[in-house]
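Worksheet: one structure, shown below.
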Amino acid sequence: KRRVLAMSDLEAPLRPKRKKVWVDYFVQNILEIDQERMIARVEPLVNMGQITRVTVPMNLALAVVAELDDLTVGGLINGYGIEGSSHKYGLFSDTVVAFEIILADGTLVKATKDNEYSDLYYAIPWSQGTLGLLVAAEVKLIPIKEYMKLTYKPVVGNLKDIAQAYSDSFCPRDGDQDNDEKVPDFVETMIYSPTRAVCMTGRYASKEEAKKKGNKINSVGWWYKTWFYQHAETALKKGLFVEYIPTREYYHRHTRCLYWEGKLILPFGDQFWFRFLFGWLMPPKVSLLKATQGEAIRNYYHDMHVIQDMLVPLYKVGDALEWVDREMEIYPLWLCPHRLFKLPVKTMIYPEAGFELQRRQGDTQYAQMFTDVGVYYAPGPVLRGEVFDGAEAVRKMENWMIENHCFQPQYAVSELNEKNFWRMFDAGLYEQCRRKYGAVGTFMSVYYKSKKGRKTEKEVREAEQAHLETAYAEVDQPED
C-alpha cells in the first residue's frame, strides 16, 4: 500500500538520505508475521479482529490484544490501548518494537528505542498522530494456547474491599510479580454495585486440557450467547466457577455488547429472542453511530452519559472507586491493570517519582502498577430522572486525576484547558520532537486534536490556528 517515489538517474545527486513516500488511504494490511523474531509488521488501519484471525491459528498473538474487534493498531499506538495482559506487558504501545513514520517534510523514517530516532520512538505513543503519519509498526508476538482457562470469583464487601480483592487476584503479597506461577496471564474485574463484584483471572490452556472429562467449554463468541458481562455476573449467585473459552473468543468477549453500552444503544438487545434471531447484527459499528450522530445527540451524550477511563496507581484504586460512586453512581465499572514502565526518558505518561524505593503491591524496580478504571454508562442521577451536569462531573474527575497522578486517555471527552492538560501529561519530549521534526504548522498539537468538549472540530481547528505561533505546552493559556 505504500508507493516509494521513483527518482530518475538525473535526480540521483539530489536524492535525500531518507526516502520520500506517498501513502494510500487504506493502509490496512498485515505485512508480515515473523515467527523467528516474534514480530508482526502491520499497517495502522489493521484491526484486532484481522490480526487474531491470522495469528491465533498459528498459536501466536500480540502481547496485548485490545478487546474490541474494530480497534486499530494506529489508534492503539497514537492513542491508548489496554487488555487483561497489560499487567505483564504494559499498554499496547509498550509492545511496539519499531514505528515507520512519515515526517512533516515527507520523509520516511523508522524509529526504534536504540537508533537515531529513539526520541521519536518514545514520543509517538499518546501523540494522536501529531508528530508524523504512522504507516507501519512492528509489534511483539507471544506464544499462546488454544483455550483460556477462566476463573470467576465473586467478591462481596465495600469498595475498598473490592479494590483489595482485585489487587490480590494478580499481585502476590510477597512481591514476586514476575513469577508466572503466581501471576495469571489475564486479569479483569467487573463491579456491579458498591458491594458486589466479580474478579476474573485467566491462564492459557491447551485443547487437551480443556477437553478433559469434567471441564466446561464455553464458546462465548456465538451471536446467541448471553452477553459476557451478564454471564460473569452469574458468579454472584452460583459462587466461584471455572470454564474454558476458545482463546480468540475470549480476546473479543466484550465486542458484541460493547462492554455494557449495548444495553443503552439497544435496550432489548440482550434478550434471548433478539440474540437468537438478530444477535449476528451486533454490535453496530461505532464509526456509523458517530457519523449519524447530530449535534443535539452529541451534546446530550456529553451531558447525560459518561465514557471515561481513569488510569490510576493501583494503591489508589479504592479511592477512585469511592469518588466515582460519590460523584457519578455509575455501574458496572471495569478494572484492568497495566504496568507503567520507568523509561530512559520522560514520556507523556510516567510513573510516580520514587515508586521503586517505596514498592507497593504490584510494583517492581522497573514498573509501577496502574489500573484502568473504566467508567462507561449513564450516571445514576440521569437514570433516576434527576439533574446531572455531565461537563461539571468530567471537570471534577479530571481535577481529581491531576491531583492524584492519574491519566485520562485522549479518546474521551475532556473539559481540560490547555494549561491543565499539560499538568496531567508531560510536555518535554513531545514538544522537543514537535520542533525537531517540523510538526508545528503541519500537524495540530495533541491538545487541540484530542479536545472533545462541547466544541466542534471546526472550532477546535480555529483555536489551534489562533495559537499556532505560541502553541507550545510551556506557554500558559487563559482559563476556559
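Legend: calculated FRET efficiency, Arg360 to Leu277, from the Cβ-Cβ distance at R0 = 51 Å, rounded to 0.05, equals 0.55. Share of carbon and sulfur in the accessible area of the range 237-281 stands at 72%, probe radius 1.4 Å. Averaged over its residues, the range 363-457 has an accessible area of 37 Å² per residue, based on protein heavy atoms and a 1.4 Å probe. The distance linking the range 31-93 with the range 376-413 is 29 Å (Cα centroid to Cα centroid, whole angstrom). Database remark: amide H of Ser169 closer than 5 angstrom to no amide H (H placed geometrically; neighbours at sequence offset of 5 or more, or on other chains; Pro and chain starts carry no H). For the range 49-187, with all protein chains in place and a probe radius of 1.4 Å, 49% of the accessible heavy-atom surface sits on carbon or sulfur. Cross-link check: pairs Lys153/Lys211; Lys419/Lys451; Lys88/Lys153; Lys110/Lys346 evaluated at a Cα-Cα cut-off of 18 Å; pairs beyond the cut-off: Lys153/Lys211; Lys88/Lys153; Lys110/Lys346. Accessible surface calculations at 1.4 Å, restricted to protein heavy atoms, place the range 30-143 at 30 Å² per residue.
For the range 192-202, 3J(HN,Hα) computed residue by residue from phi via the Karplus equation (6.51, -1.76, 1.60; θ = phi - 60°) reads 9, 6, x, 10, 9, 8, 10, 8, 10, 10, x Hz, glycine and proline entered as x.
The values are calculated or read from the model by the stated rules, or taken from the named source; none is laboratory data. Note that the coordinates shown come from a computational prediction; the quantities given were computed from them, not determined experimentally. Cβ sites come from the backbone with ideal geometry, for glycine too, and all protein chains shown count toward neighbours. Surface areas here come from the heavy atoms of the whole protein model, side chains and all, with no ligands, DNA or RNA. Shrake-Rupley method; radii C 1.70, N 1.55, O 1.52, S 1.80 Å.
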